[in-house]
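*Asks:* Take a look at the following structure, please.
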Amino acid sequence: MKTFAPLLAPVLGALALFSTPTSAKSAEEKSDPVVILVSIDGFREDYLDRGITPHLSALAASGVSAAMRPSFPSKTFPNHWALVTGKVPDRNGIIANAFEDPAHPGEKFTMASDEPYWWDEAEPIWVTAEKAGIRTATMFWPGSNVAWGGTLVKEPWKTIEGGTRPSDWQQFNGAVSPSQRVDAVLDWMRRPAANRPRLVTLYFDQVDTAGHRYGPVDAHTDAAIADVDADIGKLVAGLRELGRATDLIVVADHGMAAVSSERTIALDTVAAPSLYKLGDAGPFAAITPTDGNEQALAAALLKPHDHMQCWRKQDIPARLHYGSNPRIAPFFCLAETGWQIATKRPDKASTGGAHGYDNAAPEMAALFVASGPDFMKRGKLPAFDNVDVAPLLRGLLGLPQSSDSDGNDAPFRDVMKHPRKD
Ligand code: AMP
Ligand code: ZN
Ligand code: ZN
């Protein structure tokens with residue numbers, strides 16, 4: 001091998017993983033590459049430019065990267081579901097991290113909800129793949145523990161009949177360390193071809209957690225970014241050691257904006273609390289009028305406000321693609337990026353980070369990096385929407401494109417190797 005400067009070691013690691021000399025490959029290794037979709041929750045696109053991510057930067061250098069636009073609202077569950085279904089939250093049914101549904105009175109969707117009916121408005125890629133006979137495995141991903149398409153039976157106790165899950169999946173548990181998550185994926189990759197997954201998801205939450213607590217520009221957040229980069233390095237090294245040809249796609253669900261208690265819109269100064277019931281609040285507010293108060297609430301909300309704009313759901317600007325789903329509350333207010341909507345002025349001063357804002361805000365732009373035998377080395381691509389990721393995955397897995405997707409694979413057509421020359 002030629003000699004290279006030590007600084008290039010991570011780059012070479014990535015290249016070595018993805019380009020084992022043909023003569024050294026067994027027949028098994030020549031089979032289609034494994035597709036690993038990694039989500040680093042809250043990894044804002046420009047974190048990649050901080051000089052603290054040697055492994056992610058090496059992947060970007062050996063393939064492609066982009067500032068990816070999240071779907072609106074720029075929250076965790078709506079966007080993870082958009083990434084794997086190719087549909088915006090208004091059409092994929094996961095319209096927020098917390099919401100209600102008029103079709104299921106008295107029930108609330110939370111991040112722990114696994115009843116299939118919350119999730120059945122859009123089919124995730126692992127279900128499409130499993131139905132096509134492609135084995136999948138998920139090391140966490142919102143919705144991946146759901147028996148998709150199954151039926152909830154409430155009596156004599158809650159059970160779910162039928163439905164499709166990944167062949168291997170894990171119940172979300174924040175206590176499973178990032179390194180253990182990587183080990184689980186590598187264990188799957190160690191399996192013989194017959195029961196080795198072809199599509200894998202992997203999820204990390206510590207960058208989002210640090211971003212909320214300390215804000216996007218803070219040494220603690222940088223430390224979390226560097227830690228997760230080391231986990232990516234461990235994954236790449238492990239795959240290389242196993243000789244698994246892999247298309248690695250690393251994404252985030254949204255970015256992060258700095259917030260402060262100084263930048264709060266107190267709703268009690270806008271409308272009398274008796275006029276409404278508040279759903280989700282923060283970067284946006286989902287508001288339902290109390291009985292008989294629709295007109296009074298409309299009069300209070302639908303006028304100009306500092307740092308916030310409110311609409312009836314049907315009047316939300318078309319570019320946000322949000323407002324037609326029955327799960328969306330009748331009134332919707334969106335804060336200016338960096339501001340937060342709360343019931344009242346906070347008692348205590350605080351700073352940190354938040355997301356959920358306008359998906360076109362630069363602070364909400366999300367990481368996208370892809371590298372592997374199917375990707376050319378093309379550097380930074382123009383920005384694209386995160387609903388384009390599911391069509392990309394379909395292409396990589398040889399699944400037909402859906403005619404009912406909000407995205408398409410156009411952003412990637414010129415950077416894919418067709419046919420692959422590996
Ligand atoms: P957010 O409130 O939008 O910042 O959501 C991020 C949080 O979602 C993370 O800190 C995780 O604790 C949580 N989370 C991520 N995936 C799951 C899951 N599959 N089930 C339950 N909670 C999750
Ligand atoms: Zn998130
Ligand atoms: Zn978050």
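The values are calculated or read from the model by the stated rules, or taken from the named source; none is laboratory data. Quick caveat: nothing in here was measured; it's all calculated off a predicted structure. Backbone-built Cβ (ideal geometry, glycine too); neighbour counts: all protein chains shown. Side chains are part of the model used for accessible areas, which takes the heavy atoms of the whole protein and leaves out ligands, DNA and RNA. Shrake-Rupley method; radii C 1.70, N 1.55, O 1.52, S 1.80 Å.
*Asks:* Working with all protein chains in place, sort 161, 336, 115 by solvent-accessible area computed with a 1.4 Å probe, largest first.
*Replies:* My answer, sorted largest first, is 161, 336, 115.
*Asks:* Using per-residue counts of other Cβ atoms within 10 Å, averaged over each peptide, order 385-395, 271-281 from highest down.
*Replies:* Packing proxy ranking, top to bottom: 385-395, 271-281.
*Asks:* Apply the Karplus curve 6.51 cos²θ - 1.76 cosθ + 1.60, θ = phi - 60°, to the phi angles in the range 234-248 and return the couplings in whole Hz, x for Gly and Pro.
*Replies:* 5, 5, 4, 5, x, 5, 4, 4, 7, x, 8, 5, 9, 8, 9
*Asks:* Here's another thing I want to ask about it. Compare 236, 176 by solvent-accessible area with a 1.4 Å probe and give them largest first, with all protein chains kept in place.
*Replies:* Accessible-area ranking of 236, 176, largest first: 176, 236.
*Asks:* With Cβ to Cβ distances under 12 Å as the rule, what net charge do the other residues near residue 75 carry (K, R +1; D, E -1)?
*Replies:* -4
*Asks:* Please report, in whole Å³, the volume per residue of the convex hull around the C-alpha atoms of the chain.
*Replies:* 149 Å³
*Asks:* Before I look further, what does the range 262-349 give for accessible area per residue, probe 1.4 Å, in whole square angstrom?
*Replies:* Accessible area per residue, the range 262-349: 52 Å².
*Asks:* Oh, and also: Restricting things to alpha carbons, find the Rg to Rh ratio for the range 262-349 using the Kirkwood radius for Rh.
*Replies:* 0.95
*Asks:* Positive end of the charge dipole of the range 238-315 (Lys, Arg +1 and Asp, Glu -1 on Cβ, about the Cα centre): tell me which of 258, 248, 286 has its Cα farthest that way.
*Replies:* Of 258, 248, 286, it is 248.
*Asks:* If you scale each eigenvalue of the Cα gyration tensor by 5 and take the root, what three semi-axes come out for the range 221-274, rounded to whole angstrom and sorted largest first?
*Replies:* 45, 14, 7
*Asks:* I've got another one for you. I'd like the carbon and sulfur percentage of the solvent accessible area for the chain, probe radius 1.4 Å, heavy atoms only, ligands and nucleic acids excluded.
*Replies:* Ligands and nucleic acids excluded, carbon and sulfur give 53 percent.
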